[in-house]
Amino acid sequence: MNAVAPAAPSSPHVMNTYGRLPIAISRGRGCRVWDVNGKAYLDALAGIAVNTLGHGHPKLVPALQEQVAKMMHCCNYYHVPDQERLAQLLVERSGLSNVFFCSTGLEANEAALKLARKYGHDKGIERPEIVVYEKAFHGRSIATLSATGNPKIQAGFGPLVEGFIRVPVNDIEALKKATDGNPNVVAVFLETIQGEGGINPMRVQYLQDVRALCDARDWLLMIDEVQCGMGRTGKWFAHQWAGIQPDVMPLAKGLGSGVPIGAVVAGPKAANIFQPGNHGTTFGGNPLAMRAGVETIRIMEEDGLLENAATVGAHLRSALEKGLAGNTGVKDIRGQGLMIGIELDKPCGVITQRAADAGLLLSVTADSVIRLVPPLIMTAAEADEVCAILLPLIHAFLAE
């Protein structure tokens, strides 16, 4: 008797906002997850760079269970002790001054935009303008969507918010030309490595040049580290490879290893812009999220995960380069640490499903870039497993 194939999962009562794969994930352990039918997958996506410690980490789970039993939420009318603990950890690792906590990367970026506008108004600039980038992605609220450089996801949501000047990446002369003689510019807002835009890194020299330009013109340098921060590249924050510091740094994704959390870390130039009543949040800084952030940083340091991200990331990238060498359909392999993009010469969205069918979770972004952002606990053996599944899929796809 033939076994009946399990029905494809569906969510008819959930708003249809995602192009989902026909998979329902039920549990995870380490770098692996299982769907409701028991099929295993190697996770090279980590919830889009969120599950820093993988799934079910034996040091994280009991800490969060303890916190859930103690207190999950407390509003910001009162001091939340772990807010100060996590803020201190972030300040010490960034060299900046203080932190505002929220719940998502979008909220962190929205707060950064408000900080920049308030900075301008405090200087007497009535209509502040912020430099943003082609291919950038900062979120899907109306303001962060306006700062984003993707016309496809902006379509249908106009009028967008004014006050943005858009420039290409890694072109300091273009930045100078776009802003020369404009007294309304207050900030430059960039991702050290663009994530949704296709894993596009800002060059070290460019970052240093932008920092110098912001200093010379008294602008805020705001660096969105939502996807590339929290150890993903092998340093706490990806801009640290350039030896610079931002004035404003939004964080989220990997900071809570899966518990929703966002943060804006500010340096001296921006630390005191917000005063009581200027900004706030109901859920931001709640005890559960704060404990998740504190424990994530503790475990990352105890387990040497920055070093692991650097070494396993280099191993994975080298194996990909070797395995794809000579294939003219591969335009570029780029990124740093465990944030890697493989750009092909044609749209390759179908690889997401094909990889899942073969037991590998990943994503395709910017139409033709395969994105790998696995948990920072990934081993070299698991990286080899990624290659063993992915390389034949890419070769077969490019041969079609």
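For the listed residue pairs K152/K269; K59/K135; K235/K346; K59/K235; K70/K235, the alpha carbons are over 27 angstrom apart in K152/K269; K59/K135; K235/K346; K70/K235. The distance separating the Cα centre of region 46-102 from that of region 325-400 comes to 31 Å. Put simply, when 316-323, 220-227, 139-146, 184-191 are sorted by average Cβ atoms within 10 angstrom per residue, most first, you get 220-227, 184-191, 139-146, 316-323.
P(r) tail for region 99-138: Cα pairs beyond 16 Å make up 45% of the total.
Ranked by the mean number of other Cβ atoms within 10 Å per residue, highest first, peptides 362-369, 16-23 order as 362-369, 16-23. Can you give the % of DSSP beta bridges in the chain that are antiparallel, to the nearest 5? About 70 percent, rounded to the nearest 5. Identify, among P374, L390, V294, the residue whose Cα sits farthest towards the positive end of the charge dipole of region 285-390, taking +1 on the Cβ of Lys and Arg and -1 on the Cβ of Asp and Glu, with the dipole about the Cα centre. Selected residue: L390.
Dipole magnitude for the chain: computed about the Cα centre from +1 point charges on Lys and Arg Cβ and -1 point charges on Asp and Glu Cβ, it is near 380 debye. For the peptides 29-35, 76-82, 370-376, residues were scored by their other Cβ atoms within 10 Å and the scores averaged per peptide; the highest-first order is 370-376, 29-35, 76-82. Relative contact order, whole percent, for the chain stands at 22, derived from Cα pairs under 8 Å and 6 or more residues apart.
Can you check what the net charge comes to around L288, using other residues whose Cβ is under 14 Å from the Cβ of L288 (Lys, Arg +1; Asp, Glu -1)? So the surrounding residues net to 0. For region 186-226, the calculated P(r) over all alpha carbon pairs, in 10 Å bins from 0 to the bin holding the longest distance, is 30, 51, 18, 0 percent.
Rg over Rh for the chain works out to 0.97, both radii taken from alpha-carbon positions and Rh defined as the Kirkwood radius.
Remark: the chain carries 44 Å² of accessible area per residue (probe radius 1.4 Å; ligands, DNA and RNA excluded).
Counting only residues at least eight positions apart within a chain, or on another chain, the aspartates and glutamates with an alpha carbon under 12 Å from that of K176 are D209. By accessible area, using a 1.4 Å probe on protein heavy atoms only, the chain has 55% of its surface on carbon and sulfur.
The values are calculated or read from the model by the stated rules, or taken from the named source; none is laboratory data. Since the structure is predicted, the reported quantities are computational estimates derived from the model, not experimental observations. Every residue, glycine among them, receives a Cβ derived from its backbone with ideal geometry; neighbour counts consider all protein chains shown. Protein only, heavy atoms only, side chains kept; ligands, DNA and RNA dropped before computing areas. Shrake-Rupley method; radii C 1.70, N 1.55, O 1.52, S 1.80 Å.
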